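Below: one structure, written as structure tokens.
No lab work stands behind these numbers, since they all come straight from the coordinates. Predicted, not measured: the structure shown is a model, and the values here were computed from it. Neighbour counts are summed over all protein chains in view; Cβ atoms, including those assigned to glycine, are modelled from backbone coordinates with ideal geometry.
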Ligand code: FAQ
């Protein structure tokens, strides 16, 4: 008899109506929902700079990027819904703390250079993590990731260009860019999740081809990608232990502060409370829109 694992091993795609183990379904719901929540909470750190962008061009670019993030949230909630869960249930789980969003969005954005550092590092890390997800075994998630990754490439590029402009501007602009990179570097490395030895879900998710690479492998890939880019930017990465290891063919890097990661996941990061309070109030204030949309749909159906 052909088992589910045989189909996965043969690189078959799983589609919504196919039989699947309950644990495969719940693992996907957890990961896709967390990803969707990250996209919409991730609009907050940058959203606060739209009205303060230094030029019309920069404002238009930032507006488009934040709008894309809302769109990514929509594709991802749509992908999660194909697994038989309602969007309202997922939002309830976010609001009452049963589901997570990425640790990275619990850090503040005090300067304009943060827009560059988010684009370069946060979107850069997102791409490294998400390109392999285009080959995820679950069809709707994999297909959503293709378009998302194309847009993330533009996001990363605009952040890099913004930082490059600041880094080649006045000494004050350059130090603003350096300060942003100093603050975002380590949290970006944490985006890939705990070390492989402590990653509870990796082994099963990799066997099911939901995840295609381990957390540490993707983190290493990201470090190797960023070091030469930082050199071109003329900025330093805040890690004295960062050096090329010819034997491994990779850059070695310093110890990540996993205590900080755990605090952020436990709800005690610099901006956790603000992010959740803002999300809940936006949801409450939008209740009349959902109600109007439902009434309109009901009337159109009649
Ligand atoms: N933050 O066993 P693992 C973006 C949790 S990019 C919070 O290794 P897994 C784009 C994990 O849920 C960001 N929690 O877990 C953008 C689990 O918790 P549990 C979103 C984390 O799932 C850019 C526990 O730790 N991207 O939004 C984090 O196998 C700019 C044990 O961990 C995605 O979500 C973390 N960083 O691997 C938007 C990508 N890491 O359930 C706006 C898809 C781990 O035991 C602006 N997701 N945890 O309570 C994934 O690839 C995976 O879910 C990982 C984690 C790699 C994040």
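Observations on the model:
- Approximate shape of the stretch 14-134 as ellipsoid semi-axes (Cα gyration tensor, √5λ), whole Å, largest first: 30, 14, 13
- Pair-distance profile P(r), taking every C-alpha pair of the stretch 114-209, with 10 angstrom steps and integer %: 16, 36, 29, 15, 5, 0
- Compactness check for the stretch 80-146: Cα Rg over 2.2 N^0.38 Å is 1.39.
- Of all the options 278, 72, 35, the one that moves most in a Gaussian network model of the chain with Cα springs shorter than 10 angstrom is 278.
- Computed over the chain, the per-residue total of -39500 (n - 2.57) for DSSP H runs of n ≥ 4 gives a 222 nm mean residue ellipticity of -20000 deg cm²/dmol, rounded to 500.
- Residues listed by number, the stretch 218-254, amide nitrogen under 17 Å from residue 182 label point at 7 Å toward C-beta: 234-242
- Scoring 239-252, 147-160 by mean Cβ neighbours within 10 Å over their residues and listing the highest first yields 147-160, 239-252.
- Shape descriptor for the chain: Rg over Rh equals 0.98 (Cα atoms; Rh from the Kirkwood inverse mean 1/r).
- Label-to-label distance, residue 74 versus residue 298, with points set 7 angstrom from Cα along the beta-carbon direction: 2.4 nm.
- Distance (nanometres) between label positions extended 7 Å along Cα→Cβ at residue 244 and residue 274: 4.0
- For the stretch 229-302, diffusion coefficient by Stokes-Einstein and Kirkwood Rh (Cα), 37 °C, 0.692 mPa s, µm²/s: 186
- Taking every Cα-Cα distance in the stretch 169-302 and sorting them into 5 Å bins starting at zero, the pair-distance distribution P(r) comes out as 2, 8, 12, 14, 13, 13, 11, 9, 7, 5, 4, 2, 1, 0, 0 percent.
- A Förster radius of 45 Å combined with the Cβ-Cβ distance from residue 232 to residue 13 puts the calculated FRET efficiency at roughly 0.70.
- Put simply, when 19-32, 214-227 are sorted by average Cβ atoms within 10 angstrom per residue, most first, you get 214-227, 19-32.
- Separation in nanometres of the label points that stand 7 Å from Cα toward Cβ, at residue 172 and residue 255: 4.0
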